[in-house]
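Some notes on the structure that comes next.
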Amino acid sequence: MSCGAHCAGLCTDDGLAAVLATDRALLHWRAVRALGDSGLAEQAVQESLLRAWRSCAFFDDNKGSVRTWLMAILRNVIIDMARARAARPGDTGWDEVETLSDIRYAHPDFTDGLIDGLLVAELLARLPESQREAVVEVILRDRAYQEVADEIGVPVGTVKTRVHYALRSLRKLPQSA
C-alpha cells in the first residue's frame, strides 16, 4: 500500500525499513559532521525521517532519488536546529552561537575532504572491480540503477546485486584500515 503515485515508500513498514537500512548511517554521518555532536545528530536524523514520512506522498522521483530527497530534508533540519539553538543563547554557550549560526555558510575543510576521499578510495579498492564500478556510479555519483545498467550493458538486477553485496562487504570491514 502506498500513499500516492510518486510515493517515497516511507509510508509502509517495508519502505521505511529499507530506507533505515540503506540511508540511516549516511544521514547520521552527515549530521554528526555538520553538528559535531552525536546526540544532536540523532535528533536531526529522527526529525528528518519524521518530515519525510509526513510528506511521503509529495516525493517526486523525477527530481531525484529518495536518498537525495532525504539529504535535502536533513540539511534543512540542521539549519533549523542551528537557528533554534542560536536564538536561545541561554541553552547554548556564546562560543557555540557563533559556530552554529554560521552553519549555513560553513564550507568543508580541505583536510576533511582529503581524508574522506582517501578513506573512500581505500575502501573501494578492497572491492571487486564490478562491485566498485556499481557503487561509484549508483552511490557516489547518485545515478539511477537503470541508467548504470544500460551504460555498462547488464540487467538492472545485476547492478542492484553488485551494490548490495559491495555495501554488505564494506559494513563488515574493520573501522580502521
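The values are calculated or read from the model by the stated rules, or taken from the named source; none is laboratory data. Just so you know, these numbers come straight off a predicted model, no measurement behind them. Note: ideal-geometry Cβ built from the backbone for every residue, glycine included; neighbour counts use all protein chains shown. In case anyone asks, the SASA skips ligands and DNA or RNA and just uses the protein heavy atoms, side chains included. Shrake-Rupley method; radii C 1.70, N 1.55, O 1.52, S 1.80 Å.
When you scan region 138-156, how many residues do you find that are closer than 22 Å to residue 68 by Cα, surrounded by 11 or more Cβ atoms within 10 Å (Cβ to Cβ) and either hydrophobic (A, V, I, L, M, F, W, C) or at pLDDT below 90 (or both)?
Residues that pass the stated criteria total 8.
Step by step: first the residues of region 114-132, then only those that are at pLDDT 85 or above, touching a helix residue (DSSP H, G or I) at 6+ places or on another chain (Cβ under 7 Å) and part of a helix (DSSP H, G or I), then the one that is surrounded by the most Cβ atoms within 10 Å (Cβ to Cβ). Which residue is that?
Result: 131.
If residue 64 satisfies all but one of (1) within 22 Å of the chain's Cα centre (by Cα); (2) open to solvent by 40 Å² or more (accessible area, probe 1.4 Å); (3) at pLDDT below 80, what's the number of the condition it fails?
Status for residue 64: all satisfied but (2).
Under 9 Å by Cβ, and 6 or more places apart or on different chains, what pairs join a residue from region 40-65 that is over 17 Å from residue 24 (Cα atoms) with one that is buried (at least 16 other Cβ atoms within 10 Å of the Cβ) and β-branched (Val, Ile, Thr)?
From region 40-65, the pairs are 55/73; 59/66.
For residue 55, indicate whether it is of a type in the set (Ser, Thr, Tyr), modelled with pLDDT of 80 or more and buried (at least 18 other Cβ atoms within 10 Å of the Cβ).
Values: of a type in the set (Ser, Thr, Tyr): yes; modelled with pLDDT of 80 or more: yes; buried (at least 18 other Cβ atoms within 10 Å of the Cβ): no.
When the stated conditions are applied, residue 55 does not pass them.
Per-residue answers, yes or no, for (1) open to solvent by 50 Å² or more (accessible area, probe 1.4 Å); (2) assigned to a helix (DSSP H, G or I); (3) at pLDDT 85 or above:
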residue	(1), (2), (3)
33	yes, yes, yes
43	yes, yes, yes
70	no, yes, yes
90	yes, no, no
97	no, yes, no
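In region 17-31, what count of residues is obtained for those that are open to solvent by 60 Å² or more (accessible area, probe 1.4 Å) and in contact with a helix residue (DSSP H, G or I) (Cβ under 9 Å, 6 or more places away or on another chain)?
Qualifying residue count for the region: 6.
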